[in-house]
1. Considering only residues that are of a type in the set (A, V, I, L, M), without any contact (Cβ under 8 Å) to a residue 60 or more places away in the chain and not in a strand (DSSP E or B), look in segment 69-123 and name the one that is nearest to residue 26 (Cα to Cα).
2. Do you know which residues across segment 7-34 are charged (D, E, K, R) and either surrounded by 16 or more Cβ atoms within 10 Å (Cβ to Cβ) or more than 17 Å from the chain's Cα centre (by Cα) (or both)?
3. Within segment 74-106, can you find the residues that are open to solvent by 10 Å² or more (accessible area, probe 1.4 Å) and closer than 18 Å to residue 23 by Cβ?
4. Would you confirm whether or not segment 104-115 contains a residue that is acidic (Asp, Glu) and under 19 Å from residue 7 (Cβ atoms)?
5. In this structure, does residue 53 turn out to be among the aromatic types (Phe, Trp, Tyr) and at pLDDT below 95?
6. Taking segment 36-50 only, how many residues are among the polar types (S, T, N, Q) and surrounded by fewer than 21 Cβ atoms within 10 Å (Cβ to Cβ)?
7. Quick check on residue 113: is it open to solvent by 80 Å² or more (accessible area, probe 1.4 Å), of a type in the set (A, V, I, L, M, F, W, C) and touching a Leu at 6+ places or on another chain (Cβ under 7 Å)?
8. Please verify whether segment 102-114 includes one or more residues that are closer than 14 Å to residue 8 by Cβ and either among the polar types (S, T, N, Q) or modelled with pLDDT of 95 or more (or both).
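The values are calculated or read from the model by the stated rules, or taken from the named source; none is laboratory data. What you see is a predicted model, and the numbers here were worked out from it, not measured in a lab. Cβ placement follows ideal geometry from the backbone for every residue including glycine, while neighbour counts extend to all protein chains displayed. Keep in mind that these areas ignore ligands, DNA and RNA; they rest on the heavy atoms of the full protein, side chains included. Shrake-Rupley method; radii C 1.70, N 1.55, O 1.52, S 1.80 Å.
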Amino acid sequence: QVQLVDSGGGLVQAGGSLRLSCAASGRNISNYFMGWFRQAPGKERVFVTAINWNSGRTYDQDSVKGRFTISRDNAKNTVYLQMANLKPEDTAVYYCAAGRGVVAGKLYDVRAWGQGTQVTVSS
């Protein structure tokens, strides 16, 4: 089982940048695909991006391609989400997730969630 602690959210102006972190602990972390979801007020939680711990291959939702970059530091068991050119519509609680794989370009069979970190983008 894996445990996740995400952090790094905050308030930023449109066009600004933020980096989120997700520290993973537990057994067999490298067996998981790691990713980020977000949930805006009154909306469902949606997939943003994912990465294969071993290969580093990434999977991005179309709306964040070219602006968000997911990466991992295997030595630190930490996954990062670098967000650039942020827009007000990126405002949401961002959740780190560990899943068993990627299907149709999205992380699936999520086995663990972080507690969430708030990102607010002002216009």
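1. Within segment 69-123, the match that is nearest to residue 26 (Cα to Cα) is 75.
2. Scanning segment 7-34 gives a single hit, 27.
3. Matches in segment 74-106: 74, 75, 76, 77, 78, 80, 82, 93, 95.
4. No, every residue in segment 104-115 fails to be acidic (Asp, Glu) and under 19 Å from residue 7 (Cβ atoms).
5. yes
6. Counting residues in segment 36-50 that are among the polar types (S, T, N, Q) and surrounded by fewer than 21 Cβ atoms within 10 Å (Cβ to Cβ) gives 1.
7. yes
8. Yes: one or more hits.
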